[in-house]
């Protein structure tokens, strides 16, 4: 069990968190606390839901607290399902998770490899629940691992909790964390993703955004796989998290030699891919002297020129760039 979010709470909030754990364990519908601010109860509930993704059957977002006597309040718990229904859904969820983890690759992989396998399984089997995002909390399982493993659809919170849950199954601590992310490159909205600790080094893992980028292309992307702070802060805002300043060396692009810091090296990589007649060219180009828009235009011009000059065929080119992160995706759709 991760205690990452528990450890960030105040003493009052921790007390509520621990009482909540005991109440759910015995399936109580209410429990009494010394009078505390409703905000403390809400914070404890939220932290508990992130640290305990296996408890998907409790409503952590409609907190009801009433005073019962001077200095005492009653907190009510709402369960989505009866005890029997909960047991049935737990069994179905376990079956789904076991199938996802039933792969020899997990046993052979190191920590970074297991993290990538978790990422890949979720990116390839889960879709982002746009309908739930639009309707707020009207589709509650989209906020839990139930949506991920039983429906294959969830929002960022459910996806991040699923990463934590799978990590625990594999002996890894990958806590869900909160902050903001730029949904359109400028407007920041509340968001949930994960931290991963490998070899004593922390990095960010945002499976939700990789799902959103990968799904329309039917191609597994790693734009937000194990990023250090310097990259993550380009489109995420957060505070109070473990520092990921030394996370270099774990990203997909570094590990696969697809990150470039000068245009000549980048062009050499593209040229090699064209010689291999690869249909997909996917890489990262880092240049802090230009705006994202300028880099994207320069890269598009370079790729189109190389295709025309070095290839004796006509082509249709599909692009899907993440310019803020400096990640570029090209797919050659037709060769003549």
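Tell me yes or no: at least one residue of segment 148-166 is modelled with pLDDT of 95 or more, at positive phi and more than 14 Å from the chain's Cα centre (by Cα).
Yes: segment 148-166 contains one or more residues that are modelled with pLDDT of 95 or more, at positive phi and more than 14 Å from the chain's Cα centre (by Cα).
Only one of these conditions is not met by residue 144: (1) touching a strand residue (DSSP E or B) at 6+ places or on another chain (Cβ under 7 Å); (2) at pLDDT 95 or above; (3) closer than 30 Å to residue 227 by Cβ. Which number is it?
It fails just one condition, (1).
Kindly evaluate residue 104 against the criterion of being surrounded by fewer than 12 Cβ atoms within 10 Å (Cβ to Cβ) and farther than 30 Å from residue 23 by Cβ.
In short, yes.
With the structure loaded, tell me whether residue 309 is outside the structural domain of residue 207 (by TED's automatic domain parsing) and out of contact with any helix residue (DSSP H, G or I) (no Cβ under 7 Å at 6 or more places or on another chain) or whether it fails that test.
Yes, satisfied.
Would you mind finding the one in 180, 111, 157 that is more than 18 Å from residue 50 (Cα to Cα) and touching a strand residue (DSSP E or B) at 6+ places or on another chain (Cβ under 8 Å)?
Step by step, each of 180, 111, 157 is checked, and only 111 is more than 18 Å from residue 50 (Cα to Cα) and touching a strand residue (DSSP E or B) at 6+ places or on another chain (Cβ under 8 Å).
Among 56, 48, which is buried (at least 17 other Cβ atoms within 10 Å of the Cβ), under 21 Å from the mean Cα position of the chain (by Cα), not in a helix (DSSP H, G or I) and not assigned by TED's automatic domain parsing to the domain that holds residue 140?
56
Let's see how each residue does on (1) under 24 Å from residue 83 (Cβ atoms); (2) under 29 Å from the mean Cα position of the chain (by Cα); (3) buried (at least 17 other Cβ atoms within 10 Å of the Cβ):
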| site | (1), (2), (3) |
| --- | --- |
| 4 | no, yes, yes |
| 24 | yes, yes, yes |
| 31 | yes, no, yes |
| 35 | no, no, no |
| 43 | no, yes, yes |
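Of the residues 284, 295, which is over 23 Å from the mean Cα position of the chain (by Cα) and not assigned by TED's automatic domain parsing to the domain that holds residue 209?
Of the residues listed, the single one that is over 23 Å from the mean Cα position of the chain (by Cα) and not assigned by TED's automatic domain parsing to the domain that holds residue 209 is 295.
Would you confirm whether any residue within segment 110-119 is modelled with pLDDT under 95 and under 18 Å from residue 45 (Cβ atoms)?
The answer is no, given that none of the residues of segment 110-119 is modelled with pLDDT under 95 and under 18 Å from residue 45 (Cβ atoms).
Given the structure, is residue 40 outside the structural domain of residue 125 (by TED's automatic domain parsing) and either assigned to a helix (DSSP H, G or I) or farther than 22 Å from residue 150 by Cβ (or both)?
It is true that residue 40 is outside the structural domain of residue 125 (by TED's automatic domain parsing) and either assigned to a helix (DSSP H, G or I) or farther than 22 Å from residue 150 by Cβ (or both).
Can you find a residue that is on the phi < 0 side of the Ramachandran plot, in contact with a helix residue (DSSP H, G or I) (Cβ under 7 Å, 6 or more places away or on another chain) and at pLDDT below 95 anywhere in segment 202-220?
Checked segment 202-220: no residue is on the phi < 0 side of the Ramachandran plot, in contact with a helix residue (DSSP H, G or I) (Cβ under 7 Å, 6 or more places away or on another chain) and at pLDDT below 95.
May I ask you to list the residues in segment 145-189 that are without any contact (Cβ under 8 Å) to a residue 60 or more places away in the chain and surrounded by fewer than 17 Cβ atoms within 10 Å (Cβ to Cβ)?
Within segment 145-189, 151, 152, 171, 180, 183, 184, 186, 187, 188, 189 meet the criteria.
The values are calculated or read from the model by the stated rules, or taken from the named source; none is laboratory data. Everything numeric here is computed off the predicted structure, so don't read it as measured data. Cβ: placed from backbone, ideal geometry, glycine included. Neighbour counts: every protein chain shown.
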